[in-house]
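Below: one structure, written as structure tokens.
The values are calculated or read from the model by the stated rules, or taken from the named source; none is laboratory data. All values reported here derive from a predicted model rather than from experimental measurement. Heads up, the Cβs are rebuilt from the backbone with ideal geometry, glycines too, and the neighbour counts pull from every protein chain shown.
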Amino acid sequence: MNSRNDDPSRRPVTTTTGIAITTRAKKSVVTAFACWLFGGVFGLHHLYLHRDRHAFVFWCTLGGYFGFGWVYDVFRIPEYVRDCNEDPEFVDKYKEMLRRHRKPEYNSKRFFASIMVAFLFGQVFQIAIPEDIFGGIDWTFLHWGVPFFIALGVWTVGNIGREKGCLWHCLLASYAVYPVKYVMYDETYTLLTTAMVSGLIFDTFSKQWVLEPPKRRGKIERTVKLVGAFTIYLSFWGCFMFFNGTIKDEDGGEIPVYEAVTNFLASPWWTDLKQALHDTWQYGQHHGWYETWKEILDSMDVDGERNSYKVLGVSATASQGDIKTAYKKLSKEFHPDKAKNEEDRVAHSQKFMEIQQAYDNLSKLKASRRRRNKKFNDDL
């Protein structure tokens, strides 16, 4: 018996123009539009159509530079679906393009998109480099990694869809042009110039048609690659915030975030929190987690009972009569009408409301317990 992979109908078939076509599950235009509408800013429709690089660019640029790519895609989705499904109409059109052009023609939208993404990647890596000496090391030498990420941005955009190209041409161009930073003295112009030259070199020497049908990777492989790439991207933003970000203190001075984090980890509040967590863990190990959870709920005073006893100045064992007596006494003492001036009236009013709320809360809790106890006794 032949396996599924041995079925000739599922094998790639190469046409006379060199294009390989294979049978695969069809994607729906309606579903693609639904993904575009509800998650298109994050490239959900591209994920659905197995355009993972396109989706990653959308993630990094918030929908193709703040939604511009998302809006543009509403006109492109039908073609994306035909491409994914290898629709005969799309394949015929693609074969005609191959016959007419030995390599993909210049596309201004793709070219400028590659420059913008390359600029973004280079800039994000650049701002992630610590400006100050950290750990006794001057990290400015990492600036020579900027050309790599510029080339990576060009290559990423250049390999979306039915076009592809190698990384080496744009990478060599990036490193060849990047030293102009010592002439321009402006990082923005340096990044832009490097990105433009890298994009031109890729467009001139690297890009070519994709003749094989795009492979549909497994869900695990796709997830690992996308999550890994996005984690690296977010880590650069995290480095920027940690090493180069600042926060203002009470006097308006700026403190580096990494110093603020170090001071926080040495603060009494954090030390007490760590000790409390350690004690909770130890208590749970010895008494069980159910008892630990009960203790946590009691300490949180979710029903306000402990605070109510504190407001009325009575113990937790006080009877309803004791609670009522304390309530009457405090109500008379802090009644707003007994205030001598307007400032005291405001304080008395606030205290009077706290007393009233505390009494109502305890009365309600005790009444509820009496009902439960009565029901339990009746059931017996």
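The residue of the stretch 327-352 that is nearest to the chain's Cα centre (by Cα), among those that are surrounded by fewer than 12 Cβ atoms within 10 Å (Cβ to Cβ) and not in a helix (DSSP H, G or I), is N341.
On the basis of being within 26 Å of F112 (Cα to Cα) and acidic (D, E), does E187 make the cut? Against the criterion (within 26 Å of F112 (Cα to Cα) and acidic (D, E)), E187 qualifies. With a requirement of 1 or more residues that are among the charged types (D, E, K, R), assigned by TED's automatic domain parsing to the domain that holds F134 and exposed (fewer than 11 other Cβ atoms within 10 Å of the Cβ), none of the helices (runs of 4 or more DSSP H) lying completely within the stretch 255-303 satisfies it.
Counting residues in the stretch 205-225 that are farther than 28 Å from W59 by Cα, assigned by TED's automatic domain parsing to the domain that holds W139 and either among the aromatic types (F, W, Y) or surrounded by 11 or more Cβ atoms within 10 Å (Cβ to Cβ) (or both) gives one or more. Which residues, taken from the stretch 319-369, are among the basic types (K, R) and farther than 20 Å from V302 by Cα? If the condition is that a residue be among the basic types (K, R) and farther than 20 Å from V302 by Cα, then K324, K328, K329, K332, K338, K340, R345, K351 are the ones that fit. Residue under question is T194, and the condition is that it be in contact (Cβ under 8 Å) with a residue 60 or more places away in the chain and closer than 30 Å to E79 by Cβ; does it hold? No; evaluated as a whole, the condition is false for this residue.
For D83, indicate whether it is in a loop (DSSP other than H, G, I, E, B) and at pLDDT below 95. Here the answer is no, as D83 does not meet what is asked.
Residue-wise test of (1) of a type in the set (K, R); (2) without any contact (Cβ under 8 Å) to a residue 12 or more places away in the chain.
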{"residue": "K95", "(1), (2)": "yes, no"}
{"residue": "N107", "(1), (2)": "no, yes"}
{"residue": "A113", "(1), (2)": "no, no"}
{"residue": "I133", "(1), (2)": "no, yes"}
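None of L142, L167, L152 is over 24 Å from P214 (Cα atoms) and of a type outside the set (S, T, N, Q) except L142.
For the stretch 178-193, a tally of residues being farther than 17 Å from F141 by Cα and surrounded by 15 or more Cβ atoms within 10 Å (Cβ to Cβ) returns 2.
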